[in-house]
Amino acid sequence: MAVPDVPGLLDLDAPVVGLGRSVNGAPIVAERIGEPGGRPVVVIGVIHGDEDDGLAIVDELRDNPVPDGVELWLVESMNPDGQAAQLRENANGVDLNRNFPYRWGPIGVPGDPQYAGTGPASEPETQAIVNFIGQLRPEIVIWYHQDLFIISPAEGREGRVRARYAELTNWPMGGITGGTYTGVAATWARNELAPDDGVAFIVELGPTLSPEEAERHANAVRTVGVEG
Ligand SMILES: [Zn+2]
């Protein structure tokens, strides 16, 4: 597997695809499991480096069979540097969840919890994911965060998928408020995938995630992947 330094055309027929590298040079990788040509579903375990309980869900998904008709793509972490340092931001001090190139706006200075970077998709981690999702065109994308213990409601097909996920996991639904939400990853993905009626949302896990909960979330991913 070659990991490109600069995002380019990806070989999406490969089972493991290098998407790009972090600021410190760590590979950002997507693993494909399940049926090639099935409904593409992307799961991103970590975007904020200190919110990494989603890794347990990625492990559950990797270690268990994928239902027929689903092509599951697992990105363990799109912020390996932040994860290694157990910091929210990447190695440039940027909140990657404010750096996506849709409705981007300047926020803060380096090191601020929501620093948005020097411009839309200024960070290599963001570029790697934008390139990947833009080429794969998944039907469902899920990002895991902590620790608000919530799934936000939404309208239309996306609202239905989110509500189903909440029902399957017994996770509460409610609005997330109080921040400045420009350059958000799921908002970018929703806009990018809108022509294909793609669904993108975040799941806020709690402060901790038990093995039983990780299994429940993995089951929910598989089920919404089948149901679409
Ligand atoms: Zn977060």
Checklist entry - What are the ³J(HN,Hα) values, in whole Hz, obtained from phi via the Karplus relation 6.51 cos²θ - 1.76 cosθ + 1.60 with θ = phi - 60°, for each residue of the stretch 33-48 in sequence order, with x given for Gly and Pro? => result 10, x, 7, x, x, x, 4, x, 10, 10, 10, 10, x, 9, 10, 8
Checklist outcome for this item: Expected sort for 50-57, 221-228, 156-163 on mean C-beta neighbours within 10 Å, highest first, is 50-57, 221-228, 156-163
Checklist entry - When ligands, DNA and RNA are left out and all protein chains stay put, how many square angstrom of accessible area per residue does the chain have with a 1.4 Å probe? => result 41 Å²
Checklist entry - Where Lys and Arg each count +1 and Asp and Glu each count -1, what net charge lies around V184 among other residues with Cβ under 9 Å from its Cβ? => result +2
Checklist entry - Ignoring ligands, DNA and RNA, what percent of the accessible area of the chain is carbon or sulfur (1.4 Å)? => result 51 percent
Item to check | GNM top mover of Y181, Y115, Y144 - the chain, alpha-carbon springs below 10 Å | outcome: Y181
Checklist outcome for this item: Env charge @ S152, Cβ radius under 9 Å, K,R +1 / D,E -1, value 0
Checklist entry - At 222 nm, what helix-only mean residue ellipticity would the chain give, in deg cm²/dmol to the nearest 500, using -39500 (n - 2.57) for each DSSP H run of four or more? => result -9000 deg cm²/dmol
Checklist entry - Once the chain is represented by equal point scatterers at the alpha-carbon sites, with solvent omitted, what log10 I(q)/I(0) does the Debye formula produce at q = 0.08 Å⁻¹? => result -0.25
Checklist entry - When the Cα centres of the stretch 165-198 and the stretch 1-56 are compared, how far apart do they sit, in Å? => result 20 Å
Item to check | Surrounding net charge for E125, when Lys and Arg each add one and Asp and Glu each subtract one, Cβ distance under 14 Å | outcome: -3
Next on the checklist: With a cut-off of 8 Å between alpha carbons and a minimum separation of six or more residues, what is the relative contact order of the chain in percent?
Outcome noted: 22 percent
Next on the checklist: Once you order the gyration tensor axes a ≥ b ≥ c over the Cα atoms, which shape class does the stretch 1-85 get: rounded for a/c under 1.5, otherwise prolate or oblate by comparing a/b with b/c?
Outcome noted: oblate
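The values are calculated or read from the model by the stated rules, or taken from the named source; none is laboratory data. Keep in mind that this is a model prediction, so the values were computed, not measured. Note: ideal-geometry Cβ built from the backbone for every residue, glycine included; neighbour counts use all protein chains shown. Just the protein is used for accessible areas: all its heavy atoms, side chains included, with ligands, DNA and RNA removed. Shrake-Rupley method; radii C 1.70, N 1.55, O 1.52, S 1.80 Å.
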